[in-house]
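Chemist: Pasting a structure below so you can have a look.
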């Protein structure tokens with residue numbers, strides 16, 4: 001992982017419009033938002049998707 005570069009594309013992180021932050025702070029915020037995105041994705045994969053699959057009706061019924 002290269003911490004000198006942003007983790008997420010700008011259209012997902014949306015840090016460019018924050019004029020109160022300098023470039024370094026925008027990159028750090030991009031890292032924070034990337035970590036949050038990863039955590040939410042992990043939550044979906046680990047808990048929500050199996051729950052939905054267990055409660056969805058079978059396709060052959």
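Chemist: With the checklist (1) free of Cβ contacts under 8 Å to residues at least 12 places away in the same chain; (2) in contact with a helix residue (DSSP H, G or I) (Cβ under 9 Å, 6 or more places away or on another chain); (3) surrounded by fewer than 11 Cβ atoms within 10 Å (Cβ to Cβ) in hand, flag the one item residue 5 doesn't pass.
Modeler: Exception for residue 5: condition (1).
Chemist: Kindly indicate whether residue 29 is surrounded by 13 or more Cβ atoms within 10 Å (Cβ to Cβ) and part of a loop (DSSP other than H, G, I, E, B).
Modeler: no
Chemist: Pairs please, first residue from segment 40-55 and on the phi < 0 side of the Ramachandran plot and surrounded by 10 or more Cβ atoms within 10 Å (Cβ to Cβ), second anywhere and in a helix (DSSP H, G or I) and at pLDDT 90 or above, Cβ atoms under 9 Å, 6+ apart in sequence or on different chains.
Modeler: Partner pairs satisfying both residue conditions: none exist.
Chemist: Would you check which residues across segment 11-25 are in contact (Cβ under 8 Å) with a residue 12 or more places away in the chain and part of a helix (DSSP H, G or I) and list them?
Modeler: Once the filter is applied, which keeps residues that are in contact (Cβ under 8 Å) with a residue 12 or more places away in the chain and part of a helix (DSSP H, G or I), segment 11-25 yields 12, 13.
Chemist: Quick check on residue 29: is it in contact with a helix residue (DSSP H, G or I) (Cβ under 9 Å, 6 or more places away or on another chain) and modelled with pLDDT of 95 or more?
Modeler: Criteria met by residue 29.
The values are calculated or read from the model by the stated rules, or taken from the named source; none is laboratory data. No experiment lies behind these values; they were computed from the predicted model shown. Every residue, glycine as well, gets a Cβ built from its backbone with ideal geometry; the counts of neighbours run over all protein chains shown.
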